[in-house]
1. Only one of (1) modelled with pLDDT of 95 or more; (2) touching a helix residue (DSSP H, G or I) at 6+ places or on another chain (Cβ under 7 Å) is not met by Thr108, so which one is it?
2. Here's a check for you: in region 32-55, which residue that is at pLDDT 85 or above and not β-branched (Val, Ile, Thr) is surrounded by the most Cβ atoms within 10 Å (Cβ to Cβ)?
3. Name the pairs: first residue in region 160-187 and under 25 Å from Ile257 (Cα atoms) and among the β-branched types (Val, Ile, Thr), second residue part of a helix (DSSP H, G or I) and open to solvent by less than 30 Å² (accessible area, probe 1.4 Å), Cβ to Cβ under 9 Å, at least 6 apart or on different chains?
4. Give the number of residues within region 193-215 that are within 19 Å of Ala115 (Cα to Cα) and in a helix (DSSP H, G or I).
5. Kindly check whether there is at least one residue in region 146-155 that is of a type in the set (Phe, Trp, Tyr) and touching a helix residue (DSSP H, G or I) at 6+ places or on another chain (Cβ under 9 Å).
6. Can you tell me which residues in region 216-272 are modelled with pLDDT under 95, open to solvent by 30 Å² or more (accessible area, probe 1.4 Å), part of a loop (DSSP other than H, G, I, E, B) and farther than 23 Å from Ala115 by Cα?
Amino acid sequence: MNTQGRNSIATGNGNSMLRGLGPVSNTRPRVVKNVPADPPREAALLGPTNAILQALDHEQFLRLRQFIKRAHLVKDEYIYQQDDEIDLIYFPETAVLSEFQILEDGRTIEVGIIASEGAVGIASAFGSCRAANCTQVCVSGSALAIGRDIFERAVMSDPRLQRSIHAYLNAQVKQLSQRVVCNTFHSVEQRFCSWLLTLHRRSRRQSFTLTHEHVARVLGVHRPSVTCIAQVLRDRELIDYGRARLEIRNMPGLEQIACGCSADQSTLQFVH
């Protein structure tokens, strides 16, 4: 990634866009599309819709507003590849992001899902660091981005914001721990249903642009397993799916199959 790419939100194009989790390229491009910031005249009227930024007092938010860019994140675009230097922190508004680990056999598994309750790269607010996971857009939408160094200075000067971020990071650790338990002891069908419920609660949607291949990458299983389970769930009229589309049809029915992990993973509670 070149210096310009590390200091701005790069504009993606058809040739550079990465369409699936696979080998990391040498150039490691970032493909987030830039959307102009709101005009300064309107900034004072706008408050953040991301929970972490809501921990900022109004005056501090206005001071930071000139450094914040609103980006439109497109499904399957990468925010970070594993080991990328974190230079921008992303605060989802309507977008939903997934963090993945790549397994030794080439498969992937989702280790975290982030929406408007959280942020990507937030650990770097306490000091420069690199991305622990690959981060990819799961549901298209908007996010706010700010330079890591700028936000670090804001955090160091605001004890309330420090407490909020510490609480969020603790909640992320809890989510990751729950994922380990879930992946070890629960069936693929249970995990599939739990993941759909979590995605629904984070995105507030019931219909998604999803392929069986994507769900297989999320769950760390082979695609035929997902196809068989999806067929069973469709026969029971719990979901419907077509070409790159999946719709939740019966929420209570999914909840009966899902393990209890979906409730723990869907809402991260932290104080402001």
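The values are calculated or read from the model by the stated rules, or taken from the named source; none is laboratory data. All values derive from a computational prediction rather than experimental measurement. Methodologically, a virtual Cβ is constructed for each residue, glycine included, from the backbone with ideal geometry; neighbour enumeration extends over all protein chains shown. What goes into the accessible areas is simple: the full protein's heavy atoms, side chains included, and nothing from ligands, DNA or RNA. Shrake-Rupley method; radii C 1.70, N 1.55, O 1.52, S 1.80 Å.
1. (1)
2. Out of the qualifying residues, it is Leu53.
3. The qualifying pairs are Val181/Cys261.
4. Residues in region 193-215 being within 19 Å of Ala115 (Cα to Cα) and in a helix (DSSP H, G or I): 13 in total.
5. Yes, the conditions are met somewhere in region 146-155.
6. Matches in region 216-272: His222, Arg243.
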